[in-house]
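The values are calculated or read from the model by the stated rules, or taken from the named source; none is laboratory data. If you're wondering where the values come from, they're calculated on a predicted model, not measured in any experiment. Using ideal geometry, Cβ is built from the backbone for each residue, glycine included, and neighbour counts are taken over all protein chains shown. Side chains included, ligands, DNA and RNA excluded: accessible areas come from the protein's heavy atoms. Shrake-Rupley method; radii C 1.70, N 1.55, O 1.52, S 1.80 Å.
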Amino acid sequence: AYGFCALCLSKVEEIVESGAIPPEDVHVPSIFVQRVFKGDKFEKRIERLTLTKEKTDDKPKSAAAQLRERIIRRAALEFQDGMYANLGIGIPMLASNYIRPGITIYLQSENGILGLGPFPRPGEEDADLINAGKETVTILSGSSFFSSDESFGMIRGGHINLTMLGAMQVSQYGDLANWMIPGKMVKGMGGAMDLVSAADTKVVVTMEHTAKGGAHKILPQCKLPLTGTKCVNTIITEKAVFEVDSEKGLMLTEIWPDYSVEDIVGATGCEFEVADDLKPMAQVEV
């Protein structure tokens, strides 16, 4: 875009003598900048302050929290040692709290971080250290920062082994709709379209089985704008786990003990097969 800018005004924190900035640290060469002025005040705002919560056993968990934890603890079983994974905000990111002992996972954020750590403790947050969802984060030893083009090179090149994200709707053949509802304000799909289109990346969707009022979210065809087609490999809900074949459709492989197959049929808006070795829905140990 630099080539199309007739006049570039740059507001800076500090003005230094020519040559004070090492050549390798120059982000915008002077040929693109016509005016420079020093700003009076610069405030680094944190849009989504997200902190590590201390574990307390004082309050019993609500029914909704218990359902979310069920999905989270099943999702955590998808992690395999040595994986590079990209986790969406909400349930997918919370699954990283249940990584099993002896397993090392390298978490990538599409805004340019490899080696994400836990959310910071109160007072340790850094406005410059956020994930793609603008949540405050920390980094682990051996982590790295890089540009957006490098980040999407990792994603599009199939170097990310696992992508876990939420969804509004999934079709029986793995189409995914998770970025907008027509008529409602959205910021965009972010990196989701790239993440789900990489051929060598496993795509796991974590979501509640039905929408408010019991409306189906697993459908013959998605009714909302698509993020990707035939891209979902596994669906994990509070009721069941489905494996997805882009040609054959859904296979019910795990079911929560409180439900019957008939219950899953009623809560699912499309046909599916039932695995011969249908198992109780697994949970990571805590």
What does the convex hull of the Cα atoms of region 73-140 come to per residue, in Å³, rounded to a whole number? 89
Given C-alpha coordinates of the chain, what is the ratio Rg to Rh with the Kirkwood estimate of Rh? 1.04
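Past 32 Å, Cα to Cα, is the threshold; run LYS53/LYS239; LYS59/LYS202; LYS44/LYS217; LYS44/LYS184; LYS59/LYS134 against it and keep the listed order.
Values: LYS53/LYS239 27 Å; LYS59/LYS202 36 Å; LYS44/LYS217 39 Å; LYS44/LYS184 28 Å; LYS59/LYS134 29 Å.
Table pairs above 32 Å Cα-Cα are LYS59/LYS202; LYS44/LYS217.
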With a 1.4 Å probe and every protein chain kept in, tell me what percent of the accessible surface of region 67-134 is carbon plus sulfur. 50
Can you list residues from other chains, or at least 5 along the same chain, whose modelled amide H is less than 5 Å from the amide H of MET281? ILE255, TRP256
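Express in % the proportion of alpha carbon pairs of region 1-127 at distances exceeding 22 Å. Before the final figure, lay out the partial values.
Details: 4834 of 8001 pairs.
That tail contains 60 percent of the Cα-Cα pairs.
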Which residues' amide hydrogens lie under 5 Å from the amide hydrogen of GLN169, considering only partners 5 or more residues apart or on another chain, with H built in the peptide plane? ALA177
State the volume of the convex hull built on the alpha-carbon positions of region 89-185, expressed per residue in Å³ and rounded to an integer. 160
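Restricting to DSSP H runs of at least four residues, report the calculated mean residue ellipticity at 222 nm for the chain, -39500 (n - 2.57) per run over all residues, nearest 500 deg cm²/dmol.
Details: 5 runs with 40 residues, N = 286.
Mean residue ellipticity, 222 nm, calculated: -3500 deg cm²/dmol.
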Considering all projection directions equally, how large on average is the shadow of the alpha-carbon convex hull of region 179-249, in square nanometres? 5.5
How big is the dipole moment of the chain about its Cα centre under a simple scheme where the beta carbon of each Lys and Arg is +1, that of each Asp and Glu is -1, and everything else is neutral? Debye, nearest 20, please. 820
With unit charges on the beta carbon (Lys/Arg positive, Asp/Glu negative), name the residue among GLY90, SER148, SER171 whose Cα is farthest towards the positive pole of the charge dipole of region 64-217. SER171
Report, ordered by chain and residue number, the aspartates and glutamates lying within cross-link reach of LYS11, taken as a straight Cα distance under 14 Å and ignoring same-chain residues fewer than 8 apart. ASP40, GLU43
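Can you give me the accessible area per residue for the chain, using a 1.4 Å probe, in Å²?
Values: 17290 Å² over 286 residues.
I get 60 Å² per residue for this part.
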For region 110-260: span of alpha carbons on each principal axis (Å, largest first): 46, 35, 34
Say we join alpha carbon atoms closer than 10 Å with springs in a Gaussian network model of the chain; which of SER171, SER148, SER109 then has the biggest fluctuation? SER148
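Determine, for each peptide in 229-237, 274-282, the mean count of other beta carbons within 10 angstrom over its residues, then list the peptides with the highest first. Show your work: numbers first, answer last.
Details: 229-237: 21.8, 274-282: 12.0.
Output ranking for 229-237, 274-282: 229-237, 274-282.
Just in region 177-286: which GluC sites (Glu not before Pro) are loop by DSSP and have at most 11 other Cβ atoms within 10 Å? Each step should come with its number before you reach the end.
On the way: sites: GLU208, GLU238, GLU243, GLU247, GLU254, GLU262, GLU271, GLU273, GLU285; in loops: GLU208, GLU238, GLU247, GLU271, GLU285.
Within region 177-286, the qualifying GluC sites (Glu not before Pro) (loop, at most 11 other Cβ atoms within 10 Å) are GLU247, GLU271, GLU285.
Can you figure out the FRET efficiency of SER62 with GLU285, using R₀ = 22 Å and their beta-carbon distance, to the nearest 0.05?
On the way: r = 22 Å, r/R0 = 1.02.
Given R0 = 22 Å and the Cβ-Cβ separation, E is 0.45.
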In the Gaussian network model of the chain, springs joining C-alpha atoms below 10 Å, which of PHE37, PHE145, PHE242 carries the largest mean-square fluctuation? PHE37
Euclidean distance between Cα centres, region 159-214 to region 223-237, Å: 5
With each pseudo-label sitting 7 Å past Cα toward Cβ, what's the LEU9-THR229 distance in nm, one decimal? 4.6
